[in-house]
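Visitor: After the structure tokens below, expect a handful of questions from me.
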Amino acid sequence: MIAVRARLLRERRAERIAMIRYQIVSRGVSHRRTLAAIAKVPRHRFVPEALRHQAYDDAPLPVGHGATISQPYIVAVMTAALAPRRCDRVLEIGTGSGYQAAILAELAAVVHTVERVSALAREAADRLAALGWANVVVHEGDGSLGFAECAPYAGILVAAASPDVPPALLEQLAEGGRLVIPVGSRAEQELLVFTRRDGTLERRSAGAVRFVPLLGEAGFRR
């Protein structure tokens, strides 16, 4: 696996560095560990083959079954807001192709990620394993309910828009932990960052965003 990761690090590296410089750093993201993680993850391996020539463009891309891989800048903003530590256990909601999970896996001890679409969950698990991210565990299920079996989490990142903050995610957030989630209508949302401190929740906004809807019991209905 070391050889695989070394080879992946070389693949299209110049494009990743340019993406980081011109799409991310130029817009104000400076969290060094986030930037280093993005530089290590070959984004083109997480998009359909027909779209790989667009993998480093400044835009989200479809990955099938109504899911998308987020715009690089948004991935960076959300990851920097979560700021996981090497010792952390984190939860991602909305695995998609597995790209965000791979970036979190570069930063945290273990990543649990939940995907409601069976085919996407299987493909992401196979892809992450083949590319060497052994510290990611993919679960199939309703992400709006979180994943209580391994709670609490030092960080929870939701890669889909919810009409409100799902109560289960707040319950599964550890003391000192952060929840990063887009909240709003199907058309437009606000990226919110919650931090649990001394039993209370601090909230701040990280700006306007637009995500696919979080479908589930505590999310949007079909």
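The values are calculated or read from the model by the stated rules, or taken from the named source; none is laboratory data. Keep in mind that what you see is a predicted model, and the values were worked out from it rather than measured. Cβ: placed from backbone, ideal geometry, glycine included. Neighbour counts: every protein chain shown. Please note that ligands, DNA and RNA were not included when accessible areas were found on the heavy atoms of the full protein model with its side chains. Shrake-Rupley method; radii C 1.70, N 1.55, O 1.52, S 1.80 Å.
Visitor: Roughly how many percent of the accessible protein surface of the stretch 76-214 is carbon and sulfur, given a 1.4 Å probe and a whole-percent answer? Could you put the intermediate results ahead of the total?
Guide: On the way: 2670 of 5320 Å².
With neighbouring chains kept in place, the figure for the stretch 76-214 is 50 percent.
Visitor: For the stretch 141-211, build the charge dipole from Cβ charges (+1 Lys, Arg; -1 Asp, Glu) around the Cα centre, then report which of Leu173, Leu191, Ala148 sits farthest towards its positive end.
Guide: The Cα lying farthest towards the positive end belongs to Leu191.
Visitor: About the Cα centre of the chain, what is the dipole size in debye to 20, counting +1 per Lys and Arg Cβ and -1 per Asp and Glu Cβ, all else neutral?
Guide: On the way: 29 positive and 22 negative charges, 189 e Å.
Once rounded to the nearest 20, the dipole reads 900 debye.
Visitor: Given the options Thr68, Val117, Pro42, identify the residue whose Cα lies farthest towards the positive end of the charge dipole of the stretch 22-130 (+1 on Cβ of Lys, Arg; -1 on Cβ of Asp, Glu).
Guide: Working it through, the farthest residue towards the positive pole turns out to be Pro42.
Visitor: How large is the dipole of the stretch 1-107 about the Cα centre if only Lys and Arg carry +1 and Asp and Glu carry -1, each at its Cβ, rounded to the nearest 20 debye? Each step should come with its number before you reach the end.
Guide: Working: 17 positive and 8 negative charges, 104 e Å.
Charge dipole, the stretch 1-107, about its Cα centre: 500 debye, nearest 20.
Visitor: Could you work out how far apart the two model spin labels at Asp57 and Ser185 are, taking each label as a point 7 Å from the Cα in the direction of the beta carbon, and quote it in nm?
Guide: Reported label-point gap for Asp57 and Ser185 is 2.7 nm.
Visitor: How big is the dipole moment of the stretch 51-132 about its Cα centre under a simple scheme where the beta carbon of each Lys and Arg is +1, that of each Asp and Glu is -1, and everything else is neutral? Debye, nearest 20, please.
Guide: On the way: 7 positive and 8 negative charges, 39 e Å.
The calculation lands at about 180 debye.
Visitor: Using the Cα atoms of the chain, I'd like the radius of gyration and the largest Cα-Cα distance, Dmax, both in angstrom.
Guide: 16.0, 49
Visitor: As a test, work out the antiparallel percent of DSSP beta bridges whose residues both lie in the chain, rounded to the nearest 5. Present the calculation step by step, with values, prior to reporting the outcome.
Guide: Details: 18 of 39 bridges.
If I count the DSSP bridges inside the chain, around 45 percent turn out antiparallel.
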